[in-house]
Amino acid sequence: MPVVYLTRRAVFSASHRLHSNQLSEDENRQLFGKCNHPRGHGHNYAIEVTVRGGIDPRTGIVMNLTELKAAIEETVMRSMDHRNLNLDVPQFQDLNPTAENIAVVCWQMLEDHLPEGLLHEVVIRETENNFVRYRGE
Ligand code: NI
């Protein structure tokens, strides 16, 4: 059975402040610069969710794209779109909402909403030039 990678993309807007509770105020300012500004700043994020699986010979698909879209809507979009990530998303109460950590949190949210073993990769695009890939490692 041929194995293929199927990707669905969604975009969301959110604000955040890069700040680690494990660094001093000075260290945070030095490391994160303007991204450490106390009142935060916004991004138009894109998420790309890839599932990996065999093509079902009966249907010709890996999984129903409507279900993949719904899984993204019910998890990532519902909790992060038009939100302040630091204040509105419980997972970031004590976790710095970097693109890296956003990718991991999105993975964790999606995992439970997709058929077991299908989730392959989450990509978070934070700017035109910066993006993060996470594969559950
Ligand atoms: Ni930022």
- prompt: Can you name the condition, by its number, that M1 falls short on among (1) among the aliphatic types (A, V, I, L, M); (2) in a loop (DSSP other than H, G, I, E, B); (3) modelled with pLDDT of 95 or more?
  reply: (3)
query: Before we move on, is G33 within 15 Å of the ligand (Cβ to nearest atom), touching a residue at least 40 places away in the same chain (Cβ under 8 Å) and over 30 Å from T66 (Cβ atoms)?
result: no
- line: By residue number, the members of segment 36-56 that are within 16 Å of the ligand (Cβ to nearest atom) and outside any strand (DSSP E or B) are N36, H37, P38, R39, G40
- request: Consider M77 carefully, then state whether it is away from the ligand (no atom under 14 Å from the Cβ) and modelled with pLDDT under 95.
  value: no
message: I'm trying to understand the selection: among the residues of segment 94-135, which are part of a loop (DSSP other than H, G, I, E, B) and in contact with a Ser or Thr (Cβ under 6 Å, 6 or more places away or on another chain)?
response: N96, H113
Extreme residue, farthest from the chain's Cα centre (by Cα), among residues of segment 19-46 that are surrounded by 11 or more Cβ atoms within 10 Å (Cβ to Cβ) and within 18 Å of N129 (Cα to Cα): F32
- line: Going through segment 1-30 in order, the residues found to be under 19 Å from E67 (Cα atoms), within 16 Å of the ligand (Cβ to nearest atom) and without any contact (Cβ under 8 Å) to a residue 60 or more places away in the chain are V11
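The values are calculated or read from the model by the stated rules, or taken from the named source; none is laboratory data. Since the model is a prediction, treat every value here as computed from it, not as a measurement. In this analysis, Cβ positions are derived from the backbone assuming ideal geometry, glycine residues included, and neighbour counts consider all displayed protein chains.
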